[in-house]
Amino acid sequence: MQDELMEGRRQQQQPLDRQGSFGLRTPQTLDPSSRDATGEPDEMDRLKAKLMSAWNNVKYGWTVKSKTSFNKVSPVTVLGHSYLLNSEDEVERFRLAFVSRIWLTYRKDFPQLEGSTLTTDCGWGCMLRSGQMLLAQGLLVHLMPRDWAWPDAQQLTDVDFEVFRPRSPARAGGVPIPSFGSPRGSNTPEKSPPSEQRPKCSQKKRPESVRDRQAEPVHHRLVTWFGDQPSAPFGIHQLVEVGKSSGKKAGDWYGPSIVAHILRKAVAKTSALHNLAVYVAQDCTVYKEDVVRLCDLSLSQNPPDPSSQAWKSVIILVPVRLGGEALNPSYIECVKNILKLDCCTGIIGGKPKHSLYFIGFQDEQLLYLDPHYCQPVVDVSQVNFSLESFHCSSPKKMPFNRMDPSCTIGFYAKNKKDFESLCSAVSEALSSSKEKYPIFTFVEGRGQDYGLEGHSSNNTGPAAHILPPGRLGRSNNRRNSDEFVFL
């Protein structure tokens, strides 16, 4: 019996001997030729995939419940909107604004990713998920009514945050602040608390509620585009497939710059969107003429019609680096001013090797959505599938100084006038930096005018990496999260 037990332990230990950067080594990194040489059956690959998936599902399948605290003296900024949490109405407005963002996290048990045995992205897909959320926010602004709020947000009963009450006996405004902290399960989503127990603000019908309810079919369709199935245009399967042209594969770490180009290619590839384009800035520079050529449909007419008003909406993604190995504090005020803009769709980045989607801030702390939570796959092909797992009820905060300097900033412009306003507003926000050089710039003309032929945002090749002569060897010593170096 002891011999059998020891043999069983040795067999269990073998797959654990090889580990990658996120725990168990991903099976797709194994050399197929070596597998054939040893005669290892396909069942062993599947067993290793299951072990790795089980490890990551345990690691990311649970979370410690904790409430995030907000003070009611300083405003909370969420993607261009400000909320001063000193009344029930303001708390409710903030709650709706946060819960209405699309939340995309790790998923498990989805169809196998092509070229691998993986059926989950736990442990490696967080930057792809953050990129999905950045794109989803752009699509919400593009497709949904202005200031849209999810009408079913009230069913998420465990909104885990609380508002600081001032220590002084004199309460600002004289209104008690509700704490939305009832645990999930105490009220089922289908049941609402009695009307006399609801906060006063929930008894009021928002003027947009009818309009928001009418937009729900569009909301459902938008979420299906991010479903975890091969046919979804912006699902994990498609993004991994598109990433192959940039030398990436399932199980790899994806940086914010690579993800920006993957999103651009995915939008260009799909037939679901005809009047939207994605532009990726080159070397921290947005070339206005390149954006115009991408969006102005009159230029594609023969001959061009200057009087035409045809213009594609555009999502502008700007990969940047806010410092060397750590965030440069001089850029914090600039990042705040960017997040205050209506045209901003958020920032993807995070702590090193830990991607997050930033949507706002309060004081010296960033507000974010975290993809590091493993949920079962949802079959989005079903009619009226549940949207609850695609919306987050727990806002989280982290200090600015813990933010990784490598990130990608997103913006949206619906038409040419909005694009011109965007250039002006963002340039003003960039000028608030204490640094001599801004985070990025807007430049008249095209990239090719500055010797960037072949590096156009419309190019379908991999993201450009421009290095000075003689510096190639040095760049190999930089961290994997670095997508570019300073010139």
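The values are calculated or read from the model by the stated rules, or taken from the named source; none is laboratory data. Predicted, not measured: the structure shown is a model, and the values here were computed from it. Please note: Cβ atoms are built from the backbone with ideal geometry, for glycine as well, and neighbour counts cover all protein chains shown. All accessible areas refer to the heavy atoms of the entire protein, side chains included, with ligands and DNA or RNA removed. Shrake-Rupley method; radii C 1.70, N 1.55, O 1.52, S 1.80 Å.
For GLN382 and ASP89 in the same chain, what is the full-extension length gain: residue separation times 0.36 nm, less their Cα-Cα distance, in nm?
101.9 nm
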### Query
Which whole number in µm²/s is D for the range 313-394 by Stokes-Einstein, with the Kirkwood Rh taken over Cα pairs at 20 °C and 1.002 mPa s?
139
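Report the calculated FRET efficiency for ASP342 and GLU364 (r = Cβ-Cβ distance, R0 = 22 Å), to the nearest 0.05.
For ASP342 and GLU364, the calculated efficiency is 0.45.
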### Query
Could you give the nm distance between label points at VAL292 and SER432, where each point is 7 Å from its Cα heading toward the beta carbon?
2.9
### Query
Check ASN71: other-chain or 5+ apart residues with amide H under 5 Å from its amide H, H built from backbone geometry?
PHE164
### For the range 66-112, the spread of Cα positions along each principal axis, largest first, Å
49, 25, 15
### Residue-span extension gain [HIS274 to GLU420] - 0.36 nm each, minus C-alpha spacing
50.4 nm
### Query
Once the Cβ-Cβ distance between THR441 and ALA326 is put in as r, and R0 is 22 Å, what FRET efficiency do you end up with, to the nearest 0.05?
0.40
### Query
So how much accessible area does ARG93 have, in Å² to the nearest 10, using a 1.4 Å probe?
100
## Note on the structure
THR68 and ARG146 label points (each 7 Å along its Cα→Cβ direction) are spaced in nm at 2.7
### Query
Protein chains only, probe 1.4 Å: how do GLU388, GLU435, GLU114 rank by accessible area, largest first?
GLU114, GLU435, GLU388
### Summary
By the Kirkwood definition, with r running over pairs of different Cα atoms, the range 232-301 has a hydrodynamic radius in Å of 13.4
### Task
Among the listed pairs LYS353/LYS436; LYS67/LYS288; LYS265/LYS351, give every one whose C-alpha distance is greater than 32 Å.
LYS67/LYS288
